[in-house]
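Below is one structure, written out as structure tokens, with a few remarks after it.
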Amino acid sequence: MSNLAEVPFITVDDYLAGEAVSPIKHEYVAGEVFAMAGASEAHVTIAGNVFAMLRAHVRGGPRRVYIADMKLQVERARAVFYPDCFVTCEAADAAEPIVKRRARVVVEVLSESTEAYDRGAKFASYRQLPTLQEYVLVDSRTRSVEVFRRHPDGWILQPVPDDGRLALETLGFDCTLDAIYEDVRLAPPPDEGSADLASSIE
């Protein structure tokens, strides 16, 4: 018989202590830890663009913006994540240097390996955060931005048109998709790539 008890349950305190000295980042879900993979240039650039704009927008006020190296704990889900970017509006979060717990906005940049998780189990955990009002998904492969907003009857998806503006109502913030994707080199659509290849062969 296999010994299912070989994998130990890890407490949040043990996870945080280990993370403080770990050379790589891990996320924590219900007693287990999962190593995080590295991100692509497009992923990092998009996250940096969003962070820079949000940081400039909230500068001088009580709100704080954090990028990928800051942890966000969702206590109801027994989880700790490293969002690509998030905003808190609580003094208690500003005073806590290790982990934040009261995000108002969370932004995740989608990649081939993370999209299903970011849309599914991770979003399910984020929804258990009472303070969260807006969840933003930005694709790193194509120009696509979606906003999920909390309403009394549940979460409503509002995709951003390519010529429209990303609006974060809880922050009074908006920007263009051009600003989000500034300096990002997206791969050409498959048909364009195929056409270029055919031309070069001829």
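The values are calculated or read from the model by the stated rules, or taken from the named source; none is laboratory data. Bear in mind that the values here come from a model prediction, so they are computed numbers and not experimental data. Glycine also receives a Cβ, built like all others from the backbone with ideal geometry; neighbour counts cover every protein chain displayed. To get the accessible areas, we keep the full protein, side chains included, count just its heavy atoms, and leave off ligands, DNA and RNA. Shrake-Rupley method; radii C 1.70, N 1.55, O 1.52, S 1.80 Å.
If you roll a 1.4 angstrom probe over the protein chains with everything in place, what fraction of the accessible area of the chain belongs to carbon and sulfur, to the nearest %? Mind dumping the intermediate values first?
Values: 6090 of 11280 Å².
Carbon and sulfur: 54 percent of the exposed surface of the chain.
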- Task: Can you tell me the 0 to 90 degree angle between the C-alpha axis of helix 41-58 and the longest principal axis of the chain, rounded to 10?
- Result: 70 degrees
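Counting Lys and Arg as +1 and Asp and Glu as -1, each charge on the Cβ, what is the dipole of the stretch 147-190 about the Cα centre in debye, to the nearest 20? Present the calculation step by step, with values, prior to reporting the outcome.
Working: 4 positive and 8 negative charges, 39 e Å.
Dipole magnitude for the stretch 147-190 comes out near 180 debye.
Would you kindly state how much longer the chain becomes between R119 and D69 on full extension, computed as 0.36 nm times their sequence separation minus their alpha carbon distance, in nm to one decimal? Walk me through the numbers before you get to the answer.
Details: separation 50, 0.36 × 50 = 18.00 nm, distance 2.07 nm.
Contour length minus the Cα-Cα distance gives 15.9 nm.
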- Query: Pick the calculated percent of Cα pairs over 30 Å apart for this structure from [x] 26; [y] 40; [z] 21?
  - Reply: [x]
- Task: Would you mind calculating the gained length between L186 and T131 on full extension (0.36 nm times residue separation, minus the Cα-Cα distance), in nm to one decimal?
- Result: 16.5 nm
- Solvent-accessible area per residue for the chain at a 1.4 Å probe radius, Å²? 56 Å²
- Item | Förster radius 22 Å - calculated FRET efficiency between S111 and F34 (Cβ-Cβ, nearest 0.05) | 0.90
- Given the Cα-Cα distance of T170 and T142 and 0.36 nm per residue of separation, how much length would full extension add, in nm? 7.5 nm
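When DSSP beta bridges are limited to those with both residues in the chain, what percentage is antiparallel, rounded to the nearest 5?
Details: 33 of 41 bridges.
About 80 percent, rounded to the nearest 5.
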- Query: Efficiency by 1/(1 + (r/R0)^6): what FRET value for Q158 and T11, r their Cβ-Cβ distance, R0 = 35 Å, to the nearest 0.05?
  - Reply: 0.40
